[in-house]
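Heads up, the thing below is written out as C-alpha coordinates.
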Amino acid sequence: MLVEALDSSVQADVRLGLLAPRAAILVGALPRGNQPSASAVVIRRGLTVRQTAVLVREVADAPESGREPVLARWRDGRQPERRSSLRTARSVAETIALDAATIRRSAGRLQACLTATPLAALGPAADVVGKGLGDLQGVLGGLMKTIAGAVERASVS
(Lines give C-alpha, C1' and ligand atoms only; values in the text may rest on other atoms or scores of the structure.)
Protein backbone atom coordinates (compact mmCIF):
# COMPACT_ATOMS: atom_id res chain seq x y z
CA MET A 1 0.00 0.00 0.00
CA LEU A 2 2.86 2.36 0.84
CA VAL A 3 4.57 1.71 -2.48
CA GLU A 4 1.37 2.42 -4.40
CA ALA A 5 0.95 5.77 -2.61
CA LEU A 6 4.52 6.94 -3.27
CA ASP A 7 5.85 8.71 -6.32
CA SER A 8 8.50 6.59 -8.07
CA SER A 9 11.29 9.10 -7.25
CA VAL A 10 10.37 8.92 -3.55
CA GLN A 11 10.40 5.12 -3.76
CA ALA A 12 13.92 5.37 -5.17
CA ASP A 13 14.97 7.67 -2.30
CA VAL A 14 13.78 5.01 0.18
CA ARG A 15 15.54 2.19 -1.69
CA LEU A 16 18.79 4.19 -1.73
CA GLY A 17 18.52 4.83 2.00
CA LEU A 18 18.21 8.59 1.54
CA LEU A 19 14.74 8.73 3.09
CA ALA A 20 13.71 6.77 6.18
CA PRO A 21 10.71 4.47 5.67
CA ARG A 22 8.79 6.23 8.47
CA ALA A 23 9.40 9.60 6.80
CA ALA A 24 8.32 8.10 3.46
CA ILE A 25 5.03 7.00 5.02
CA LEU A 26 4.42 10.60 6.08
CA VAL A 27 5.40 12.01 2.67
CA GLY A 28 3.04 9.46 1.09
CA ALA A 29 0.12 11.35 2.64
CA LEU A 30 0.78 14.25 0.26
CA PRO A 31 -0.50 14.40 -3.31
CA ARG A 32 1.95 12.69 -5.68
CA GLY A 33 2.90 16.01 -7.27
CA ASN A 34 4.22 17.35 -3.97
CA GLN A 35 5.97 14.17 -2.82
CA PRO A 36 9.28 14.57 -4.73
CA SER A 37 9.69 18.17 -3.51
CA ALA A 38 8.86 17.22 0.07
CA SER A 39 11.22 14.24 -0.08
CA ALA A 40 14.00 16.48 -1.41
CA VAL A 41 13.47 18.93 1.47
CA VAL A 42 13.58 16.11 4.03
CA ILE A 43 16.79 14.70 2.54
CA ARG A 44 18.52 18.04 1.95
CA ARG A 45 17.71 19.44 5.39
CA GLY A 46 18.18 16.10 7.20
CA LEU A 47 14.79 16.39 8.87
CA THR A 48 13.80 14.01 11.64
CA VAL A 49 10.58 12.02 11.38
CA ARG A 50 8.90 14.49 13.75
CA GLN A 51 10.05 17.46 11.65
CA THR A 52 8.88 15.64 8.53
CA ALA A 53 5.44 15.25 10.13
CA VAL A 54 5.31 19.01 10.73
CA LEU A 55 6.37 19.70 7.13
CA VAL A 56 3.75 17.32 5.74
CA ARG A 57 1.04 18.79 7.97
CA GLU A 58 1.90 22.34 6.82
CA VAL A 59 1.94 21.34 3.15
CA ALA A 60 -1.32 19.37 3.46
CA ASP A 61 -3.04 22.21 5.32
CA ALA A 62 -2.01 24.79 2.71
CA PRO A 63 -4.34 25.47 -0.20
CA GLU A 64 -3.19 23.82 -3.42
CA SER A 65 -1.70 27.07 -4.73
CA GLY A 66 0.09 27.69 -1.44
CA ARG A 67 1.92 24.37 -1.14
CA GLU A 68 4.98 25.35 -3.16
CA PRO A 69 5.71 28.44 -1.00
CA VAL A 70 5.54 26.22 2.10
CA LEU A 71 8.02 23.77 0.54
CA ALA A 72 10.27 26.66 -0.54
CA ARG A 73 10.28 28.07 2.99
CA TRP A 74 11.30 24.69 4.38
CA ARG A 75 13.87 24.21 1.60
CA ASP A 76 15.44 27.59 2.44
CA GLY A 77 15.40 26.88 6.17
CA ARG A 78 13.24 29.88 7.07
CA GLN A 79 11.22 29.78 10.25
CA PRO A 80 7.54 28.88 9.95
CA GLU A 81 4.99 31.62 10.33
CA ARG A 82 4.04 32.16 13.94
CA ARG A 83 0.90 30.39 14.89
CA SER A 84 -1.42 31.64 17.52
CA SER A 85 -0.32 30.52 20.96
CA LEU A 86 -3.86 29.31 21.58
CA ARG A 87 -4.22 25.61 20.91
CA THR A 88 -7.50 24.10 19.98
CA ALA A 89 -8.70 21.99 22.85
CA ARG A 90 -8.97 18.29 22.15
CA SER A 91 -12.36 16.69 22.36
CA VAL A 92 -13.00 13.97 24.92
CA ALA A 93 -13.04 11.40 22.11
CA GLU A 94 -9.63 12.57 20.81
CA THR A 95 -8.18 12.47 24.33
CA ILE A 96 -9.46 8.94 24.93
CA ALA A 97 -8.17 7.70 21.57
CA LEU A 98 -4.72 9.26 22.08
CA ASP A 99 -4.42 7.97 25.65
CA ALA A 100 -5.51 4.47 24.61
CA ALA A 101 -2.90 4.43 21.82
CA THR A 102 -0.19 5.64 24.21
CA ILE A 103 -1.06 3.02 26.84
CA ARG A 104 -1.15 0.28 24.19
CA ARG A 105 2.33 1.26 22.93
CA SER A 106 3.77 1.53 26.43
CA ALA A 107 2.19 -1.75 27.50
CA GLY A 108 3.76 -3.54 24.54
CA ARG A 109 7.22 -2.19 25.38
CA LEU A 110 6.81 -3.01 29.06
CA GLN A 111 5.63 -6.53 28.30
CA ALA A 112 8.59 -7.14 26.00
CA CYS A 113 11.05 -5.91 28.66
CA LEU A 114 9.47 -7.98 31.42
CA THR A 115 9.42 -11.08 29.22
CA ALA A 116 13.05 -10.68 28.19
CA THR A 117 14.52 -9.65 31.55
CA PRO A 118 13.55 -11.14 34.92
CA LEU A 119 13.34 -8.60 37.75
CA ALA A 120 16.10 -10.39 39.65
CA ALA A 121 18.48 -9.54 36.79
CA LEU A 122 18.03 -5.83 37.53
CA GLY A 123 20.16 -6.02 40.66
CA PRO A 124 19.60 -3.21 43.16
CA ALA A 125 16.97 -1.59 40.93
CA ALA A 126 14.75 -4.68 41.18
CA ASP A 127 13.10 -3.46 44.42
CA VAL A 128 12.24 -0.04 42.98
CA VAL A 129 10.99 -1.53 39.71
CA GLY A 130 9.00 -4.18 41.59
CA LYS A 131 7.28 -1.53 43.72
CA GLY A 132 6.47 0.51 40.62
CA LEU A 133 5.01 -2.55 38.93
CA GLY A 134 2.94 -3.34 42.03
CA ASP A 135 1.53 0.20 42.00
CA LEU A 136 0.86 -0.15 38.28
CA GLN A 137 -1.13 -3.33 38.87
CA GLY A 138 -3.59 -1.40 41.02
CA VAL A 139 -3.90 1.43 38.52
CA LEU A 140 -4.39 -0.96 35.60
CA GLY A 141 -6.92 -3.01 37.57
CA GLY A 142 -8.99 0.11 38.23
CA LEU A 143 -8.65 1.17 34.59
CA MET A 144 -9.81 -2.27 33.41
CA LYS A 145 -12.98 -1.98 35.54
CA THR A 146 -13.65 1.53 34.22
CA ILE A 147 -13.14 0.42 30.61
CA ALA A 148 -15.40 -2.61 31.09
CA GLY A 149 -18.12 -0.37 32.52
CA ALA A 150 -17.82 2.16 29.70
CA VAL A 151 -17.92 -0.55 27.03
CA GLU A 152 -20.90 -2.21 28.70
CA ARG A 153 -22.80 1.08 28.91
CA ALA A 154 -22.02 1.77 25.23
CA SER A 155 -23.34 -1.64 24.15
CA VAL A 156 -26.57 -1.13 26.11
CA SER A 157 -27.23 2.24 24.45
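The values are calculated or read from the model by the stated rules, or taken from the named source; none is laboratory data. Note that the structure is predicted; figures quoted are calculated from it, not measured. Here Cβ is always computed from backbone atoms with ideal geometry, including for glycine, and neighbour counts include all displayed protein chains.
Scan Val42, Val59, Val49 and give me the residue that is at pLDDT 90 or above and more than 16 Å from Ala20 (Cα to Cα). So that I can check it myself, show each step before the final result.
Working: Val42 fails: more than 16 Å from Ala20 (Cα to Cα); Val49 fails: more than 16 Å from Ala20 (Cα to Cα).
After applying the criteria, what remains is Val59.
In the range 26-47, what residues are within 15 Å of Val59 (Cα to Cα) and β-branched (Val, Ile, Thr)?
Scanning the range 26-47 gives Val27, Val41, Val42.
Only one residue in Leu114, Leu71 is within 30 Å of Gly17 (Cβ to Cβ), in a helix (DSSP H, G or I) and without any contact (Cβ under 8 Å) to a residue 40 or more places away in the chain, so which one is that?
Details: Leu114 fails: within 30 Å of Gly17 (Cβ to Cβ).
Residue meeting the stated conditions: Leu71.
If you check Arg75, Arg67, Arg83, which single one turns out to be surrounded by fewer than 10 Cβ atoms within 10 Å (Cβ to Cβ) and either closer than 30 Å to Asn34 by Cα or modelled with pLDDT of 90 or more (or both)?
Among Arg75, Arg67, Arg83, only Arg83 is surrounded by fewer than 10 Cβ atoms within 10 Å (Cβ to Cβ) and either closer than 30 Å to Asn34 by Cα or modelled with pLDDT of 90 or more (or both).
So which helices (runs of 4 or more DSSP H) are wholly in the range 1-57 and hold at least 2 residues that are in contact with a helix residue (DSSP H, G or I) (Cβ under 7 Å, 6 or more places away or on another chain) and over 20 Å from Asp76 (Cβ atoms)? Full working, then the answer.
Values: elements: 2-5, 8-15, 21-27, 35-45.
The qualifying helices (runs of 4 or more DSSP H) are 2-5, 8-15, 21-27.
Outside the structural domain of Arg32 (by TED's automatic domain parsing), among the hydrophobic types (A, V, I, L, M, F, W, C) and either surrounded by fewer than 11 Cβ atoms within 10 Å (Cβ to Cβ) or in contact with a His (Cβ under 6 Å, 6 or more places away or on another chain) (or both), is that true of Ala120?
For Ala120, the condition - outside the structural domain of Arg32 (by TED's automatic domain parsing), among the hydrophobic types (A, V, I, L, M, F, W, C) and either surrounded by fewer than 11 Cβ atoms within 10 Å (Cβ to Cβ) or in contact with a His (Cβ under 6 Å, 6 or more places away or on another chain) (or both) - is met.
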